[in-house]
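Taking it in order: structure first as structure tokens, then the write-up.
The values are calculated or read from the model by the stated rules, or taken from the named source; none is laboratory data. What you see is a predicted model; the values in this text were computed from it and never measured. Using ideal geometry, Cβ is built from the backbone for each residue, glycine included, and neighbour counts are taken over all protein chains shown.
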């Protein structure tokens, strides 16, 4: 990012000329730090989105403070405006004496093609026109930073984290050029007394709180060598005070005989606004103490043409080799890979908000804690899809180890995970989620879910009580529970716990070529006042269609019942639908209480951008079809009825233990036994055998 | 697998008794080699499936041929019957002199519970009853291997490759027990002359081709010391020849004073069938040369009770420690992990054939070569689902590298793959497929697909011609082509190539919340005679609804158009449906010519077990719904019409090059230009904008 000169001007200035001679302005250099690009990325994704409208930005600079290098115009995080809503008052650009703001305009394009097609001369001309306006209107005398107005054009490739950009510092060109009758260090130009006065006046001026807009000023030296610093707008008045009036500007240049680029437009102001043809200019540079460096700050005695013509402005920054090209920065190479992955992860989601889903609540996604019961075919795919939706907190629960046949259908495992008796499934799944996206907070819990019909012997009792307690804590700690296990009875306790804690429960189950995805209704024990209508038509759970309590279905299962015997395409579909349903529910204003929508015409627009909010989706892959179904809660349900939930609230783990041990207890408790006895051996009741669980 | 004695019998035999004393039979040992378990696994999956019917098997043995160890009854690959259809003639068990077959029965259960619940005494009794029948009917004299009939009970856990099993050798128990008046080595029992004759006769007998069923025999020693070996059925005749008749049997035992288990049932035969109470028995054992070992083969002088009672048979093999338990073998630990993965992979699929999908053509799946164009969101998921369906040959084509945002949605990549500018996508996808399933034949091809609207400069021409040729070769080499790229125009050349080569083309495309999965129709240039009806109602391709040729849609795409902006659940669903559709098509007798089924009632059974055969499936996730749509081929289609395919056949790559370079060429060629001009600026034509491609 070295300094380069615009075409036709040379950075090598002459010494002090014997005759007035044209002098050269040192081209200004722009520099954008990493924080600027990060902020630009956010700004593009969150605020600017699809628009290519120019953005007002600020560059920051300070007078050159060393003889070896010029000072750049810097872009940093603060250069871009804050997010809307962050600060409702007028935007104040933070500055200090080392960061004097200069107004600029950013043209950030959506595509590299648009970037390349930008009409750069026109942009420069337009910026120069603004400077002319500010000069002519007097605004530039009030705020002389307007004279240094700059441009940045850029294309941000946020997939790769690369940025292509170019600065322009519009310079007004007069013809014939200004010449310098002399150029000498301030220490030589001023008398000793004057120098002391100038130093003091400059120091005072530089300390002004509004110094940001006072980067050029007047030094009014009275005949008795008193010096005062004044605003540019005092020029005419100062002329009448009888002293010597010297123009000064904070000069980014470090070269002994060449003023920096800002002087160009300042001379235009002097010529056009003040009508002067001769003036002395102090190129204010500092030493390390922040005081005027009399030795390294030249004073030029400048002669301006009386009636200059104004040529096409110049000012596009050249490359380090003096060419006309863009600069390029690849932050992807230097960023922390994990951070990079996180920003990449957000990218797709933020893009969804641009056009298609402005209401997408990404913070909600990121803060939602999901508990996945089962890390098999469904669990793996649900976890993946949740991560893609921006969910960052995922707990997987499974008792098993990765079997040899798993990796082909369970998308978080590799062959290696299945060797040597297999890794613990829940842990391997969590590890592999992190391998996909290091920013995820994934945990694996190896435990089995206590199940009705699996009686507990007395020496197992302590362990099972512990498991019940742990299950309850896990459900309480999470916001959404996915039921993705391989048996009906393993869904009973989680269903009850979700009904008790009023958690969102999403259930997915596979048949050979059919699938069921559903959400459970809310807790039966919600305050009936506040939810009156919903409570009365509460939606059912997975067990609401059953007229028998869940029993041990794993004993005596043949090989095909122990293994995944479903068409391989089913699990990805059911898992995807389960997540889409959960995401839609999380965006629904009523959440778990959202009433069930019925299916509507497929080509209709839906009320919510994420679609209808069904209760159950049943899929039939042999027909490539899906049905939206609604089922109300059953008041004798063995899992979610108020009888069962109340009993659990009263008796806790003891109740659960009794359910595990006593086969007919749930049916007796809920009144199912009576119902069955009353209905002619149950012949009239509808059984829900359509979707028989297999090993998921 | 040491020899153990049945309860109440001791392996330590006595010496030569002074008085007749009971002697003990050495219990037989069974041994199953690894090849038997592998064959059992196949047999269970492919032939036996769900049935638990007993299976006739063969054990193999030979006389003991060393003094230090007995010979086992061995099970090996050949013990189980061949697959039905492999050999239509009568099943012949392969045998040789060292593998004499013995008939057995295998009871292989589906579950460990059934295994444990087997009524072992009843099984043994039933097998003993068969032996009784064979003795009484005389069959055992014809084929004395029937006397050694054995049992195996087993439970094969094919998920873990572990086998639990137990042998039984039913032994008929007489009471009072047989006693031996003497027991001496054959070399002592026989005179020198007799011994020479016995040796010669045994050697001849042992060489008989039907030796398998002659494991017991008679040695008829004439008074002049001539010896002939005879079948058991000659017993009574032999008695009248005036010589000495000695019973001989191939003895697995190695102990000097204890005959092997087969003698038990042979004595029962002698007692019941021949009515003898005294007989000499040669326990035929061999030396390393395969000749009678006179020194180590004892001759027992046996006294049988006159009217024995018959007690409950014995014979369940005991464990090495003498307990009553099962043996257990864990092949999962010792198998080649890759082989193990392959067998595990087949397991799920074979299980599908058991109950649900007997027509599943696994060899067809394994031999189908699939070409996936695009290794992104759709490509990764299609590849996974294909592998789960048993497809073993997958080629992925993609030009890109793994970007940081990819792993979250593209299920074959991890974060690591995206670092350092990203791995080549096609190659990383192929590698990771192998990591999931080492048995897959996966290849990654990095290339870009030549696309209409992307003109080719003269210095690119050679490369593009090469790409066209390579694309053609790739399509020709594969059976099914999946179109999963991220632009409309990249699907044009593959569509044309598939139409030319009459390949199955499956197309999947995503919108924000909608998806399209379709199969293309057959080639327009198929012999019209043979396909008359189909040809007339040929199904359309992806471009058949378009009235403009594909153009460059990638130029000037904004960030959201370059990235995956679809609901994350869409790609898994569309990819799964694409594979299910392809698998159903591969099973359809008409293949690519299969007519399009319309949607039917979701609860109806479908004609084919894999369901209906639609042309297009359109999904609307906001409605959780899918539509089955049919579209006929368009005779002015820019990709699959006979005009275009014919032009390609005539001009090949030159034609394609012209398409890439000349924007309106395809429209002119097909007559679309004229059509558009004729139809009032195209206002009446239906446009298919519903599914706008985004970056997949």
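Scanning region A:599-615 for residues that are more than 8 Å from chain B (Cβ to nearest Cβ) and closer than 18 Å to residue A:506 by Cα turns up A:613, A:615. Looking only at residues of region A:147-163 that are within 14 Å of chain B (Cβ to nearest Cβ) and assigned to a strand (DSSP E or B), we find that the one that is surrounded by the fewest Cβ atoms within 10 Å (Cβ to Cβ) is A:157. Scan region B:30-44 for residues that are at pLDDT below 85 and over 15 Å from residue B:328 (Cα atoms) and the total you get is 1. If you go through region B:507-534 and keep only what is within 38 Å of the chain's Cα centre (by Cα), at pLDDT below 75 and within 17 Å of residue B:634 (Cα to Cα), you end up with just B:534.
Which ones in region B:17-39 are surrounded by 15 or more Cβ atoms within 10 Å (Cβ to Cβ), in contact (Cβ under 8 Å) with a residue 60 or more places away in the chain and touching a strand residue (DSSP E or B) at 6+ places or on another chain (Cβ under 6 Å)? Across region B:17-39, the qualifying residues are B:20, B:23, B:26, B:28, B:30, B:32, B:37. Scanning region A:552-602 for residues that are surrounded by fewer than 17 Cβ atoms within 10 Å (Cβ to Cβ), in contact with a helix residue (DSSP H, G or I) (Cβ under 7 Å, 6 or more places away or on another chain) and modelled with pLDDT of 90 or more gives A:591, A:595. Which condition number in (1) out of contact with any strand residue (DSSP E or B) (no Cβ under 7 Å at 6 or more places or on another chain); (2) buried (at least 24 other Cβ atoms within 10 Å of the Cβ); (3) at pLDDT 90 or above; (4) more than 7 Å from chain B (Cβ to nearest Cβ) is the one that residue A:549 fails? (3) is the only condition that residue A:549 fails.
Scanning region B:621-633 for residues being surrounded by fewer than 21 Cβ atoms within 10 Å (Cβ to Cβ) and either touching a helix residue (DSSP H, G or I) at 6+ places or on another chain (Cβ under 9 Å) or facing chain A (nearest Cβ under 8 Å) (or both) gives a total of 2.
The single residue among A:373, A:396 that is free of Cβ contacts under 8 Å to residues at least 60 places away in the same chain, more than 21 Å from residue A:159 (Cα to Cα), buried (at least 24 other Cβ atoms within 10 Å of the Cβ) and touching a helix residue (DSSP H, G or I) at 6+ places or on another chain (Cβ under 9 Å) turns out to be A:396. The lone criterion from (1) part of a helix (DSSP H, G or I); (2) within 38 Å of the chain's Cα centre (by Cα) left unmet by residue B:169 is number (1).
Please work out which residue is farthest from residue A:42 (Cα to Cα), limiting yourself to region A:336-350 and to residues that are part of a helix (DSSP H, G or I) and more than 7 Å from chain B (Cβ to nearest Cβ). Applying the filter and picking the extreme gives A:338. When region A:355-372 is filtered for residues that are within 11 Å of chain B (Cβ to nearest Cβ), under 15 Å from the mean Cα position of the chain (by Cα) and farther than 23 Å from residue B:418 by Cβ, only A:360 remains. Sub-6 Å Cβ pairs linking a first residue in region A:205-228 that is within 22 Å of residue A:239 (Cβ to Cβ) and not assigned by TED's automatic domain parsing to the domain that holds residue A:240 to a second residue that is surrounded by 17 or more Cβ atoms within 10 Å (Cβ to Cβ) and modelled with pLDDT of 90 or more, at least 6 apart or interchain, number zero. As a summary of the residue check, residue A:192 satisfies the conditions (1) surrounded by fewer than 19 Cβ atoms within 10 Å (Cβ to Cβ); (2) in the same structural domain as residue A:220 (by TED's automatic domain parsing); (3) in contact (Cβ under 8 Å) with a residue 12 or more places away in the chain except for the one numbered (3). Comparison of B:653, B:642 shows that the only residue that is under 30 Å from residue B:466 (Cα atoms) and either within 14 Å of chain A (Cβ to nearest Cβ) or out of contact with any helix residue (DSSP H, G or I) (no Cβ under 7 Å at 6 or more places or on another chain) (or both) is B:642. Could you tell me whether region B:444-455 includes any residue that is closer than 30 Å to residue A:403 by Cα, facing chain A (nearest Cβ under 8 Å) and crowded, with 20+ Cβ neighbours inside 10 Å? There is no residue in region B:444-455 that is closer than 30 Å to residue A:403 by Cα, facing chain A (nearest Cβ under 8 Å) and crowded, with 20+ Cβ neighbours inside 10 Å.
Please count how many residues of region B:400-425 are assigned to a loop (DSSP other than H, G, I, E, B) and either within 8 Å of another protein chain (Cβ to nearest Cβ) or out of contact with any strand residue (DSSP E or B) (no Cβ under 6 Å at 6 or more places or on another chain) (or both).
Looking only at that region, the number is 18.
Yes or no: region B:87-100 includes at least one residue that is at pLDDT 85 or above and within 22 Å of residue B:172 (Cβ to Cβ). Checked against the condition, which is being at pLDDT 85 or above and within 22 Å of residue B:172 (Cβ to Cβ), region B:87-100 yields at least one hit. Within region B:647-672, the set of residues being surrounded by fewer than 17 Cβ atoms within 10 Å (Cβ to Cβ), more than 48 Å from the chain's Cα centre (by Cα) and free of Cβ contacts under 8 Å to residues at least 60 places away in the same chain comprises B:658, B:662, B:668, B:671.
Scoring residue A:187 on the criteria (1) part of a helix (DSSP H, G or I); (2) in the same structural domain as residue A:31 (by TED's automatic domain parsing) leaves a single failure, condition (2).
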